[in-house]
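The values are calculated or read from the model by the stated rules, or taken from the named source; none is laboratory data. What you see is a predicted model; the values in this text were computed from it and never measured. With ideal geometry, Cβ positions are generated from the backbone for all residues, glycine too; neighbour counts draw on all protein chains shown. The area values use the complete protein model at the heavy-atom level, side chains included, leaving out ligands, DNA and RNA. Shrake-Rupley method; radii C 1.70, N 1.55, O 1.52, S 1.80 Å.
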Amino acid sequence: MNTLHRAEPHIVGPLPGPLASAWLARDDRVMSPSYTRMYPLVIRRARGAMVEDLDGNRFLDFTAGIAVTNAGHCHPKVVAAIRKQAGQLVHMSGTDFYYRPQIRLAERLADLAPGDTPKRVFFTNSGAESNEAALKLARHHTGRPRALAFHNAFHGRTYGALSLSASKPIQRRGFAPLLPEIQHARYGDLDSVRALFKTTCPPDELAAIFVEPIQGEGGYIVPPPEFLPGLRALCDEHDVLMVADEVQAGVGRTGKFFACEHWGVAPDILCLAKGLANGLPLGAIVARADVMDWPPGSHASTFGGNPVACAAALATIDLIEPRYRRNAVRRGEQLREGLRTLAESHPIIKDVRGLGLMVGMEIARDGDPDPHLRDRIIDMAFYRGLLLLPCGPSTVRFCPPLCLTPNQVQIGLEILGETLAATSDGPG
Ligand code: PLP
C-alpha cells in the first residue's frame, strides 16, 4: 500500500531490510566507489517530503535529493508536465533546432533574473556544466585569462569547475594539473580579494569572480551583509564580471528566487541547476545580453535544455514562484527556531544558520568542530526515519523540499531531539 501521503516516518523493521540488503550487495559489485553514501537507503518511490524504501520503510526527507526536489518529490503538476511533453517531443537538441519549452523557459528565467538589463540564457545539464559555461563565457567576453573564487567554494567536478572549487582535498587529489590562473580568496572577506589584486592577481587580467551567495558544500555559510554588495562594487571598479553560483541556493530555496536578491545584488552571470527542473537534469546560465556575445559554434550542448526538462522546469517555477518560496521563509524560521531551542539543552550544537530552507547546524565538542559526531547524528537520525546530509567540516545540512508542512518541521525536530539525546548517552 502506498502510504506516502502520511506526514510521519514509519520504520517497519531493522535497517537495511532484506530487499534493500540484496540491492546494496549488487551496487557494491558494480558501482563506482567514488560515491559518498551516508546510510543504506535504497529508494522505491517518493512524494512531497516523504521517501519510501524497498522494504516499505517511510522516511521524512530533509535532503530533497541534495537540494533538488524543491517543489517536492514527484509533484503531480511537474509529473503531468513531464508526461505531456514526453508524449509530444523528447529530444531534438536546442543546439541545432528550435522548440517552444526551451524558449519559454529562457523568457521566464530572463524575466526573473535580477537587474534591469536584458538577459540571455544558455542551457546545460548540471551545476558543473553551468559553471564551466560561465567560465568560458567570461574569458571569451573579456579576453582576460584569470578567474577568482573562494576558499571552501564548490562549483562542480569537471576540470574548469573543479579548478574553481576549493572545498575538500579528496576532490582534487590525484587529478592535477588543474586549470592555471585560478586563485582563491577568503570567503566573506573583501580585504582578502583586494590583497590578491595587489599581489598575485592583477585585476586587469581578471575575467570573473565566482561566488556562491551562500556557500553550500562548504558548510552553509551566510556571508557578512557587506560582502556581496562590496564584491559587486569591486567588480564594477575593475570591469570584472561577477558570477553568482546559485546552483544550490537558487530556485526559491532561500526564500528569494535567486539568493543574491537578499543583498540587492545583480550579478553579470547567474549559474543554475539542481532545483531548476525538480529532479530532471537541467542547468542554465542567465547572463546580461551584452555579456553573452559569443558567436554560433563557440559553445553548445546536445542535451542541454532538453524539452522534457524544460517543461518540468516551467511547471516547477510556477509552483515555487511565489507559493513555495514564501513557504520556505516561514518553515525556515520555524526550523531554525526549533534548532536553537534544541541548542539550549545540547551544547554540541555550536551554531544554527541559514536563510529560508537552506539551514546548517554546526556540531562541535569542547569548542572544536567534530565531524565524527556530526556523521553519527546523521546516521542515527536515519535509523529513526529522518534523512539528513552533511556539509562543510562539521555541519548538518537541512535542505528539505520547499513544500514542507509545519507538522513535518515539528516531526523532524522531534526526531532530531531524540537523536541528540541518544548521541549524548554514548555510542549510538
Ligand atoms: N555549484 C554548487 C554551488 C553546488 O552546490 C554544486 C553541487 O553540489 C555544483 C555547483 C555542482 O553541481 P552538479 O553536481 O550538478 O555538477
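In segment 296-313 there is no residue that is buried (at least 21 other Cβ atoms within 10 Å of the Cβ), of a type outside the set (A, V, I, L, M) and closer than 29 Å to residue 224 by Cα. The requirement of being within 14 Å of the chain's Cα centre (by Cα) and without any contact (Cβ under 8 Å) to a residue 60 or more places away in the chain is not satisfied by residue 229. In segment 42-51 there is at least one residue matching the filter, namely being touching a helix residue (DSSP H, G or I) at 6+ places or on another chain (Cβ under 7 Å), at pLDDT 95 or above and either open to solvent by less than 30 Å² (accessible area, probe 1.4 Å) or farther than 15 Å from residue 379 by Cβ (or both). Restricting 249, 273, 259 to those that are more than 30 Å from residue 191 (Cβ to Cβ), touching a residue at least 60 places away in the same chain (Cβ under 8 Å), of a type in the set (A, V, I, L, M, F, W, C) and surrounded by 24 or more Cβ atoms within 10 Å (Cβ to Cβ) reduces the list to 273. Apart from one condition, residue 70 fits all of (1) more than 30 Å from residue 413 (Cα to Cα); (2) buried (at least 19 other Cβ atoms within 10 Å of the Cβ); the exception is (1).
Residue 182 falls short of the stated requirement of being at pLDDT 95 or above, crowded, with 17+ Cβ neighbours inside 10 Å and under 17 Å from the mean Cα position of the chain (by Cα). Scanning segment 371-389 for residues that are in contact with a helix residue (DSSP H, G or I) (Cβ under 6 Å, 6 or more places away or on another chain) and touching a residue at least 60 places away in the same chain (Cβ under 8 Å) turns up 384, 386, 388. Can you find a residue that is in a loop (DSSP other than H, G, I, E, B) and touching a residue at least 24 places away in the same chain (Cβ under 8 Å) anywhere in segment 327-343? No; the residues of segment 327-343 include none that is in a loop (DSSP other than H, G, I, E, B) and touching a residue at least 24 places away in the same chain (Cβ under 8 Å).
Count of segment 136-154 residues, restricted to those that are closer than 23 Å to residue 391 by Cβ, open to solvent by less than 10 Å² (accessible area, probe 1.4 Å) and more than 8 Å from the ligand (Cβ to nearest atom), is 3. Of the residues making up segment 103-135, those that are assigned to a helix (DSSP H, G or I), within 24 Å of residue 216 (Cβ to Cβ) and away from the ligand (no atom under 16 Å from the Cβ) are 105, 108, 109, 112. Of the residues making up segment 190-201, those that are in contact (Cβ under 8 Å) with a residue 12 or more places away in the chain and either within 23 Å of residue 133 (Cβ to Cβ) or open to solvent by less than 80 Å² (accessible area, probe 1.4 Å) (or both) number 6. Assess whether residue 327 counts as being polar (S, T, N, Q) and crowded, with 23+ Cβ neighbours inside 10 Å. Answer is no for this residue. One residue stands out among those in segment 213-242 that are of a type outside the set (S, T, N, Q) and within 11 Å of the ligand (Cβ to nearest atom): the one that is nearest to residue 109 (Cα to Cα), which is 213. Taken together, the criteria place residue 378 among residues that are assigned to a helix (DSSP H, G or I), open to solvent by less than 10 Å² (accessible area, probe 1.4 Å), among the β-branched types (Val, Ile, Thr) and more than 24 Å from residue 262 (Cβ to Cβ). For segment 63-84, a residue qualifies if it is within 22 Å of residue 387 (Cα to Cα) and either in a helix (DSSP H, G or I) or among the aliphatic types (A, V, I, L, M) (or both), and the qualifying residues are 64, 65, 66, 67, 68, 71.
Considering segment 74-89 alone, what residues qualify as being open to solvent by less than 80 Å² (accessible area, probe 1.4 Å) and more than 28 Å from residue 49 (Cα to Cα)? Across segment 74-89, the qualifying residue is only 89. For segment 260-288, which positions are over 16 Å from residue 135 (Cα atoms) and away from the ligand (no atom under 13 Å from the Cβ)? If the condition is that a residue be over 16 Å from residue 135 (Cα atoms) and away from the ligand (no atom under 13 Å from the Cβ), then 261, 262, 263, 264, 265, 266, 278 are the ones that fit.
Report the residue count in segment 200-249 for those that are at positive phi and acidic (Asp, Glu). Of the residues in segment 200-249, 1 are at positive phi and acidic (Asp, Glu). Evaluating residue 237 against the criteria (1) crowded, with 21+ Cβ neighbours inside 10 Å; (2) in contact with a Pro (Cβ under 9 Å, 6 or more places away or on another chain); (3) in a helix (DSSP H, G or I) leaves one unmet condition, (1).
Taken over segment 155-179, the residue count meeting the criterion of being open to solvent by less than 70 Å² (accessible area, probe 1.4 Å) and in a helix (DSSP H, G or I) is 6. For residue 37, indicate whether it is among the charged types (D, E, K, R) and outside any loop (DSSP other than H, G, I, E, B). Spelling it out, it is not the case that residue 37 is among the charged types (D, E, K, R) and outside any loop (DSSP other than H, G, I, E, B).
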